[in-house]
Amino acid sequence: MKDLEDTAVYIEIDPSDVNYINRIIEGYEYLGILTTLDPKRATCRINSTADTRDMVIDILTHLDAKVTILPDRQSALPKE
């Protein structure tokens, strides 16, 4: 069984796009739940499932907003 952590998608976006991205993800029948990890950098975690993770990434990469998919949780956390 896949670890829950493996199903999360970490992203970095423009701070002004957080609400937009959140509404898109929620609008697709709640593919995931967006949580902002670092408000200054607008890094976010999207909790998804093993079944929806690839769809979340596909949607994010086809939006008008610039979305950077981050490799892991550590790279999304606030810099000290």
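Here, each number is a calculation from the coordinates, and none is a lab measurement. Values in this document were obtained by computation on a predicted structure and should not be read as measured data. Cβ placement follows ideal geometry from the backbone for every residue including glycine, while neighbour counts extend to all protein chains displayed.
With Rg and Dmax of the Cα atoms in Å in mind, check [x] 11.7, 36; [y] 13.4, 40; [z] 19.9, 61 and report the label derived from this structure. Given [x] 11.7, 36; [y] 13.4, 40; [z] 19.9, 61, the structure-derived one carries the label [x]. Each of D58, D38 has some number of other Cβ atoms within 10 Å of its Cβ, and from fewest to most they run D58, D38. To the nearest whole percent, what portion of all C-alpha pairs in the range 35-80 is separated by more than 11 angstrom? Counting every Cα pair in the range 35-80, those more than 11 Å apart make up 70 percent.
Legend: ranking of residues Y28, Y10 from fewest to most surrounding C-beta atoms inside 10 Å; resulting order Y28, Y10.
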